[in-house]
Amino acid sequence: MSLKSKATFVDQQKVKQLFEKYDFNKNGVLEPDEFLEIMVAILKQLGEDLPEKKHREVAEEGLNRFDLNSNGTIEFNEFYEFINFLVSEKGYSL
């Protein structure tokens, strides 16, 4: 099953800006800790303020689901799929 099950067109430039904001070490990918930071911020924005002990667990689940090439990081195209999922399935907005 493709992650693109619903037709969603998120502004790629806005997604790129968000990606770059959380790519703290500027290596062009989101490392697990960087992905954790953005996951916590997005969950809070969605009103899903989880206890801190659940943050890493949720981020690891997201990383496992959206790390399409299984390299342990989130590349931009994977992040774009992640944001599209959040927009179409969770009502997230940039």
- Message: What's the longest uninterrupted piece of the chain once you rule out the trypsin sites (Lys or Arg not before Pro) that are loop residues per DSSP with at most 10 other Cβ within 10 Å?
- Response: 27-94
- Task: Under a cut-off of 15 Å between alpha-carbon atoms, report the aspartates and glutamates in cross-link reach of Lys53, not counting same-chain residues fewer than 8 places apart.
- Result: Asp33, Glu37, Glu61
- Size of electric dipole in the chain: Cβ of Lys, Arg +1 and of Asp, Glu -1, about Cα centre, debye, nearest 20: 320 debye
- Query: Can you give me the relative contact order of the chain as a percent, contacts being Cα pairs under 8 Å and 6 or more apart?
  - Reply: 36 percent
- Item | For the stretch 23-32, Karplus couplings with θ = phi - 60° (6.51, -1.76, 1.60), whole Hz, Gly/Pro x | 7, 4, 8, 6, 9, x, 9, 9, 6, x
- Under 14 Å from the Cα of Lys44, which aspartates and glutamates turn up, not counting those fewer than eight places away in the same chain? Glu52
- Message: Once you order the gyration tensor axes a ≥ b ≥ c over the Cα atoms, which shape class does the chain get: rounded for a/c under 1.5, otherwise prolate or oblate by comparing a/b with b/c?
- Response: rounded
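Just so you know, all these numbers are worked out from the coordinates, no wet-lab data involved. In this text the structure is predicted, and so the values were computed from the model without any measurement. Cβ sites come from the backbone with ideal geometry, for glycine too, and all protein chains shown count toward neighbours.
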